[in-house]
Amino acid sequence: MVTILAGLLSGIGAVAHAQTPSDFEHQRRAAEREAGPAAVGDSLLRPTRVVTFLDVLANPDDVELNFAYAQLQIARGDVRGAAATLERILLVDPDLPRVRLLYAIVLFRLDQLDEAEREFRTVRDLDMPDSLRAEIERYSREARLRRQSTRTTATLSFGQFWDSNVNSAPRRGQSLASDLELKLDESSLRTSDFGSQTLVRLDMSHDAGYQARHRWLVGARYLREDYQRMERYVPQLGGVDGGLAVDLAPFTLTPMLYANHYRIAKQQAVNSVGLRVRLDYAPTGTIQLYGFQEIERQRYYPIALSSVAPDDTGTQYATGLGAAAQYRPDMRLSLEVARTRKLAVHGYRSSAGHALTLGHTWLLGGGAFATLEGYWRVDSYDSGDATISETTRRRDRPLEARAMLGVPAALVLDPEGVSDMLRDLTFTAAARLARNGSNIVNYEYHRDRYSVALVKRIEF
């Protein structure tokens with residue numbers, strides 16, 4: 001029964017992670033958006049050769065030389081300098097479509113939306129390939145969306161996965177009961193299975209109407225996984241959240257209330273409500289610092305898989321600090337440390353822990369991206385569980401490695417960027433390798449998961 005409960009909690013944790021993205025995942029999304037709405041603009045932003053300022057001084061009227069230098073400035077993060085270089089080119093020849101388009105994109109990046117829209121309108125009147133015209137329409141639409149007081153994003157995902165240890169069975173095939181090691185029965189041994197995952201997310205942001213950029217935030221999500229054989233482990237998760245992002249430039253304070261409802265095999269398993277307060281500080285355009293405090297009330301219900309699940313009912317606290325650095329235009333590194341405290345009904349389910357998360361994001365060009373994340377935690381429990389061991393107090397050491405590769409469908413199926421149907425449709429491949437170390441064999445397990453998915457994002 002203890003190993004079944006461990007498997008249940010592990011499964012719920014995996015679903016929760018998928019539904020409540022880590023700060024690393026938020027960074028990945030931000031980096032992906034920074035690539036621009038489509039692949040053509042991304043190619044315009046990448047330098048084709050190395051040019052120095054001395055080269056420009058020697059040939060100030062060479063359009064190609066200045067254009068390459070502007071691309072290099074963008075790659076270095078000097079977007080304002082690139083705007084000045086492009087303005088100089090347009091003074092010499094105002095009817096160059098790709099130069100004016102890049103200038104409009106730079107203004108868009110600088111959040112000068114009125115000027116950017118004016119440039120997009122000017123570019124439309126020039127003679128250009130269909131791919132550039134489609135790019136202009138996409139950026140113009142994105143500029144209009146940014147000007148809206150209310151923005152809504154719907155994310156739809158459907159994928160397939162393979163899980164090496166659905167029930168998080170102990171690695172040694174044994175469990176401890178009253179200090180005696182017992183061999184697991186056949187039904188409790190490690191079981192792998194294939195499955196499908198469906199995810200729907202809806203996120204809304206509304207300008208609060210003040211001179212400062214305060215925003216109301218509302219979100220809802222639903223996830224369901226279906227296994228081919230392990231139907232008794234089928235998890236579902238529904239959740240909502242809402243709060244306010246308070247602009248205290250250069251700080252942003254974001255208090256968020258949230259609630260989650262978990263079901264296992266159509267049975268109510270866990271309800272949770274919580275408050276998360278996060279403070280972000282951006283000292284420069286490439287460095288972000290943040291801290292957060294979270295309190296969550298969790299209520300577990302008895303289910304067919306575990307009648308002792310209610311023992312985990314209680315309150316969980318988390319405090320953390322993090323930093324992220326965009327040390328290159330196409331690379332971002334993040335680090336987070338956190339301290340957790342769980343106060344459950346019984347001391348043997350209460351714990352204190354600390355965690356470390358290290359992540360890296362790569363922009364691969366054309367809107368493609370790759371992420372890599374490492375996660376390590378240590379949990380020490382308040383007292384021993386007499387039904388397992390009267391002499392040993394549980395201590396767990398979860399370790400995970402996660403990786404994801406995302407490729408826009410248009411990059412493969414529509415490299416010219418003409419089709420609007422493929423816009424914001426991304427193919428992803430992901431892997432999660434979990435190793436849970438413990439001083440009690442019941443909780444020591446390995447669990448690997450590999451998945452592929454199609455993700456569609458719609459903004460309106």
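The values are calculated or read from the model by the stated rules, or taken from the named source; none is laboratory data. This structure is a prediction, so every number in the text was calculated from the model and none was measured. As a convention, Cβ positions derive from the backbone with ideal geometry for all residues, glycine included, and neighbour counts pool all protein chains shown. Surface accessibility is based on the protein's heavy atoms, side chains included, excluding ligands, DNA and RNA. Shrake-Rupley method; radii C 1.70, N 1.55, O 1.52, S 1.80 Å.
Below, the figures for the structure above:
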| quantity | calculated |
| --- | --- |
| Residue pairs meeting the criteria (Cβ under 8 Å; at least 6 apart or on separate chains; first farther than 26 Å from R151 by Cβ and open to solvent by 80 Å² or more (accessible area, probe 1.4 Å), in the stretch 184-205; second among the hydroxyl-bearing types (S, T, Y) and not in a strand (DSSP E or B)) | R190/S164 |
| Considering residues of the stretch 207-236 that are under 30 Å from L248 (Cα atoms) and within 21 Å of the chain's Cα centre (by Cα) only, the residue most open to solvent (accessible area, probe 1.4 Å) | W216 |
| Given (1) closer than 30 Å to L413 by Cα; (2) open to solvent by 30 Å² or more (accessible area, probe 1.4 Å), index of the condition Y348 fails | (1) |
| All positions within the stretch 326-344 that are of a type in the set (D, E, K, R) and under 30 Å from Q73 (Cα atoms) | R328, D330, R332 |
| Of residues in the stretch 96-145 being in a helix (DSSP H, G or I) and among the polar types (S, T, N, Q), the one surrounded by the fewest Cβ atoms within 10 Å (Cβ to Cβ) | S131 |
| Those residues of the stretch 70-94 which are charged (D, E, K, R) and without any contact (Cβ under 8 Å) to a residue 60 or more places away in the chain, in sequence order | D78, R80, E87, R88, D93 |
| Matching residues in the stretch 273-316 - criterion: being within 17 Å of R339 (Cβ to Cβ), open to solvent by 30 Å² or more (accessible area, probe 1.4 Å) and more than 22 Å from the chain's Cα centre (by Cα) | Q316 |
| Residue ID - nearest to G239 (Cα to Cα), chosen from residues in the stretch 169-205 that are among the polar types (S, T, N, Q) and modelled with pLDDT of 85 or more | T198 |
| Search result, residues across the stretch 324-334 that are surrounded by 15 or more Cβ atoms within 10 Å (Cβ to Cβ) and part of a strand (DSSP E or B) | A324, A325, Q326, R332, L333, S334 |
| Candidate set: the stretch 246-271, residues that are surrounded by fewer than 19 Cβ atoms within 10 Å (Cβ to Cβ) and small (G, A, S); chosen: the one farthest from L289 (Cα to Cα) | A265 |
| Residues (among the hydrophobic types (A, V, I, L, M, F, W, C) and farther than 25 Å from R141 by Cα) located in the stretch 85-117 | I89, L91, V92 |
| Unmet criterion (only one of (1) modelled with pLDDT of 95 or more; (2) within 22 Å of Q160 (Cα to Cα)) for W376 | (2) |
| Residue match in the stretch 371-387 (condition: in contact with a Pro (Cβ under 9 Å, 6 or more places away or on another chain) and open to solvent by less than 40 Å² (accessible area, probe 1.4 Å)) | yes |
| So A82, is it open to solvent by less than 50 Å² (accessible area, probe 1.4 Å), of a type outside the set (S, T, N, Q) and closer than 14 Å to I105 by Cβ | yes |
| Enumerated helices (runs of 4 or more DSSP H) restricted to the stretch 24-92, each holding at least 2 residues that are modelled with pLDDT of 75 or more | 53-58, 63-75, 79-92 |
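Listed here are the residues, each with its yes/no results for (1) under 15 Å from V452 (Cα atoms); (2) at pLDDT below 90.
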position: G406; (1), (2): yes, no
position: V418; (1), (2): no, yes
position: F427; (1), (2): yes, no
position: G437; (1), (2): no, no
